[in-house]
1. Could you check A:Q45 against (1) at pLDDT 95 or above; (2) touching a strand residue (DSSP E or B) at 6+ places or on another chain (Cβ under 6 Å); (3) within 20 Å of B:A24 (Cβ to Cβ); (4) open to solvent by 20 Å² or more (accessible area, probe 1.4 Å) and say which number it fails?
2. All but one of (1) buried (at least 19 other Cβ atoms within 10 Å of the Cβ); (2) under 26 Å from B:G65 (Cβ atoms); (3) within 19 Å of the chain's Cα centre (by Cα) hold for A:T18, so report the exception by its number.
3. Here is a list: B:I57, B:I73. Which entry is in contact (Cβ under 8 Å) with a residue 60 or more places away in the chain and more than 7 Å from chain A (Cβ to nearest Cβ)?
4. Go through (1) within 26 Å of B:D17 (Cα to Cα); (2) surrounded by fewer than 19 Cβ atoms within 10 Å (Cβ to Cβ); (3) of a type in the set (A, V, I, L, M, F, W, C); (4) more than 15 Å from the chain's Cα centre (by Cα) and name the single condition A:I30 misses.
5. Could you list, in sequence order, the residues of the range B:2-25 that are part of a loop (DSSP other than H, G, I, E, B) and on the phi < 0 side of the Ramachandran plot?
6. In the range B:32-53, how many residues are among the aromatic types (F, W, Y) and either assigned to a loop (DSSP other than H, G, I, E, B) or free of Cβ contacts under 8 Å to residues at least 12 places away in the same chain (or both)?
7. Can you confirm whether A:I78 is assigned to a strand (DSSP E or B), modelled with pLDDT of 95 or more, away from chain B (no Cβ under 11 Å) and open to solvent by less than 60 Å² (accessible area, probe 1.4 Å)?
Number of protein chains: 2
Amino acid sequence: MTFLVKILIFPKEGVLDTQGKAVARSLKRIGFEALNDVRVGKYIQVWLEAGNEAEAIAKAGSMCGELLVNNLIEDHRIEVERCGL
Amino acid sequence: MTFLVKILIFPKEGVLDTQGKAVARSLKRIGFEALNDVRVGKYIQVWLEAGNEAEAIAKAGSMCGELLVNNLIEDHRIEVERCGL
């Protein structure tokens, strides 16, 4: 079965996010004043084969731990949906 | 009211995603063989002030159109949640 795994990766609270600060400044400059904070992270979509949803989530968790996420400075969230029902 | 707007930005179908290809190759190299495709996009969190949820979504839509999204090559999705209920 094919699953689409959506991995959201974002800076941990307290970690300086220079990209987010730059985007916030740019948004304010073009008129979006009512802005408290902006944080920029990554959105990774992975289409993979797995026997069931739990296996797909487990695989995605391993991918995050081994390659995709830097746990020192980033948090992540995993969402899974089945493709081509 | 403060809202957290989550903006998911990802390459349009058919657009070459070199970053995604590189990540896919790396994942395969470390043992994740059952992989069909990987696409890498951005995940932007914006905390903003708005009168209600519809206004927050409208503001986020304008931010995407004016600065955050390149509509030629990227699609996006907006999710909103109210903070500090």
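The values are calculated or read from the model by the stated rules, or taken from the named source; none is laboratory data. Model, not experiment: these values are computed from the prediction. Virtual Cβ from ideal backbone geometry, glycine too; neighbours counted across all protein chains shown. Just the protein is used for accessible areas: all its heavy atoms, side chains included, with ligands, DNA and RNA removed. Shrake-Rupley method; radii C 1.70, N 1.55, O 1.52, S 1.80 Å.
1. Going through the list (1) at pLDDT 95 or above; (2) touching a strand residue (DSSP E or B) at 6+ places or on another chain (Cβ under 6 Å); (3) within 20 Å of B:A24 (Cβ to Cβ); (4) open to solvent by 20 Å² or more (accessible area, probe 1.4 Å), A:Q45 breaks only (4).
2. (1)
3. B:I73
4. Every listed condition holds for A:I30 apart from (1).
5. The answer is B:K12, B:E13, B:V15, B:L16, B:D17.
6. Kept after step one, since they are among the aromatic types (F, W, Y), are these residues of the range B:32-53: B:32, B:43, B:47.
Filter once more, so that each one left must be either assigned to a loop (DSSP other than H, G, I, E, B) or free of Cβ contacts under 8 Å to residues at least 12 places away in the same chain (or both): B:32.
Qualifying residue count for the region: 1.
7. yes
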